[in-house]
Amino acid sequence: MEITQIYAIVAGGVFLLLMFMKGFPFIQQVLQSLNITISRYLTYPLIVRRHRLLGPWRPADVLLQLLYISLNVFCVTFRVTSFDEVGDRAGTLSIINMAPLFFGLHLSFLADLLGLSLSNYRRIHRSAGMMSFALVALHTFAAVHHDPTYSLRLPGNLYLLIVSHMVTSADTSLTDWQGISTLSFLMVLLLRFIRKLSYEFFLRSHQALAFTIGYVLWRHLSSKSFVNQVCLYVSAGIFGFTSVI
């Protein structure tokens, strides 16, 4: 079994555990008793206080982020023999990390479903999005490094790097594009000052770009590994389920 498959199984198990744990009051009581001790040392103290651009950062937040980053770095680099393999693993891990981002339109509903506070689920959503962006960037760089003549004329490559604005004409090739990728634009929208200008614009643009990325992934993964397709279709199924109920 590949390490990316183990990562996907563990990640899915964590979400299932959170969802079904609400049906076991005994487990919740044990966790609440532990939470009092953990909060005293890891939640209440502040490493970085609230700032206009950063914070607040608590020890628990920093430790979880470092653990999350370390797991992904380990999965990308574990027993790899070439940079091309690093790129392939980064692509697979980006799909796995991106899967929870498509579970539903409303974060508050998903937070209630998993028994988490909205602020904690927002942190999970934000961290998964940033990690997916970093892994996609590594995957794309590895693809270009493997083939210096990398061209967007090929449909698979074109759907790998969809741009928000592209200049095309009779004498202009698809490689002569201008603009930013959909993922890059999505990351720009996360900037706090843009959300403050118009949260409604931010929210609808964020959702529209998410649907665009979902379509891009579906086209790009049409002939890729089974794990990638499973993650994509499971996300689509959960999205449909949470949209109906």
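The values are calculated or read from the model by the stated rules, or taken from the named source; none is laboratory data. No experiment lies behind these values; they were computed from the predicted model shown. Glycine also receives a Cβ, built like all others from the backbone with ideal geometry; neighbour counts cover every protein chain displayed.
The single residue among 107, 54, 66 that is under 21 Å from the mean Cα position of the chain (by Cα), exposed (fewer than 12 other Cβ atoms within 10 Å of the Cβ) and within 16 Å of residue 129 (Cα to Cα) turns out to be 66.
For first residues located in the range 57-73 and modelled with pLDDT under 95, partners that are part of a strand (DSSP E or B) and of a type in the set (A, V, I, L, M) and lie 6+ apart or on another chain with Cβ distances below 6 Å form the pairs 57/48. Pull up the range 43-73, narrow it to residues that are in a helix (DSSP H, G or I) and out of contact with any helix residue (DSSP H, G or I) (no Cβ under 8 Å at 6 or more places or on another chain), then point me to the one that is nearest to residue 94 (Cα to Cα). Within the range 43-73, the match that is nearest to residue 94 (Cα to Cα) is 73.
Would you point out which residue out of 156, 240 is modelled with pLDDT of 55 or more and either surrounded by 17 or more Cβ atoms within 10 Å (Cβ to Cβ) or not aliphatic (A, V, I, L, M) (or both)? Steps first, answer last, please.
Details: 156 fails: modelled with pLDDT of 55 or more.
None of the others qualify; the one that does is 240.
All of 134, 143, 128 fail the test of being assigned to a helix (DSSP H, G or I) and modelled with pLDDT under 85, apart from 143.
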